[in-house]
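A.B. asks: I'd like to ask some things about the structure below.
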Amino acid sequence: MSSDQTPAVPESAEPRPRRLTYAAALVSLEGLALVVGGVWMFALGISGDPDGRQQALTGGVTLIVLALLPLLAARGLLGLRSWSRGPAVITQIMALPVAYSLLQADSMAIPAGIALAATAVASLVLLVNGETTRALGIRGPGRASE
């Protein structure tokens with residue numbers, strides 16, 4: 001690739017804040033966990049091991065498709081795209097009731113619920129942080145002219 005083909009990075013461009021990188025990492029971790037869970041459910045459905053084969057196959061496909069939201073949001077966060085914060089925040093808000101239901105279980109799901117709740121809360125804190133908001137170029141209501 002010649003130097004003519006490489007995109008020039010403006011010298012005034014600020015580096016991506018560390019908090020934004022951490023948020024993208026946590027969001028992508030959740031997306032990858034959804035993919036792993038979906039593949040696992042799908043594999044159980046194919047092997048015929050679960051109680052309901054159709055339910056396991058549908059659940060596996062659903063989890064894999066749901067994983068697209070946080071994975072695309074994480075990619076957008078790493079690329080400093082302002083649109084990516086919305087899907088990332090929505091993913092965290094959707095994770096909180098799931099974490100709560102895991103915490104109500106009387107099984108090995110409790111540690112998973114604790115991990116999910118901690119990840120969701122940490123991600124939300126990182127995503128609404130002022131430094132992250134400025135890096136993504138998001139302005140508050142009524143501040144479009146600033």
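A.B. asks: I'd like to compare 79-87, 62-70, 21-29: which one has the highest average count of other Cβ atoms within 10 Å, and what's the full order after that?
C.D. replies: 21-29, 62-70, 79-87
A.B. asks: Also, I was wondering about something else. Which whole-angstrom value gives the distance between the alpha carbon centres of the stretch 81-138 and the stretch 26-43?
C.D. replies: 15 Å
A.B. asks: On to the next question. Tell me what the chain gives for mean residue ellipticity at 222 nm when only DSSP H runs of n ≥ 4 count, each as -39,500 (n - 2.57), the sum divided by the residue total, rounded to 500 deg cm²/dmol. Walk me through the numbers before you get to the answer.
C.D. replies: Numbers: 6 runs with 101 residues, N = 146.
Helices in the chain give a 222 nm mean residue ellipticity of -23000 deg cm²/dmol.
A.B. asks: Next up: Is the shape of the stretch 49-119 rounded, prolate or oblate, going by the alpha carbon gyration tensor and its root eigenvalues a ≥ b ≥ c, with a/c under 1.5 for rounded and a/b larger than b/c for prolate? List each step's numbers first, then the result.
C.D. replies: Working: a/c = 3.18, a/b = 1.45, b/c = 2.19.
It comes out oblate by the Cα gyration axes.
A.B. asks: Send over a whole-number figure in Å² for the accessible area per residue of the chain, probe 1.4 Å.
C.D. replies: 66 Å²
A.B. asks: Using the beta-carbon distance between Val36 and Arg139 and R0 = 25 Å, what value does 1/(1 + (r/R0)^6) give for FRET efficiency, to the nearest 0.05?
C.D. replies: With R0 = 25 Å, the Cβ-Cβ based efficiency is 0.10.
A.B. asks: Then there is this: In nm, give the distance between the simple-model label positions of Ala115 and Tyr100, each being 7 Å from the Cα along the Cα-to-Cβ direction.
C.D. replies: 2.2 nm
A.B. asks: Obtain the nm distance between the two label points defined at Ile46 and Thr58 by a simple spin-label model: each point lies 7 Å from its Cα along the Cα-to-C-beta direction.
C.D. replies: So the label points at Ile46 and Thr58 sit 2.1 nm apart.
A.B. asks: Tell me which label goes with the value of Kirkwood radius over Cα pairs in Å computed from the coordinates here: (i) 19.8; (ii) 17.8; (iii) 17.2.
C.D. replies: Structure-derived value, by its label: (iii).
A.B. asks: How large, in percent, is the carbon and sulfur part of the accessible surface of the chain at a probe radius of 1.4 Å?
C.D. replies: 64 percent
The values are calculated or read from the model by the stated rules, or taken from the named source; none is laboratory data. Predicted, not measured: the structure shown is a model, and the values here were computed from it. Quick reminder, even Gly has a Cβ in these numbers, built from the backbone with ideal geometry, and neighbours come from all protein chains shown. These area figures cover heavy atoms from the full protein model, side chains too; ligands, DNA and RNA do not enter into them. Shrake-Rupley method; radii C 1.70, N 1.55, O 1.52, S 1.80 Å.
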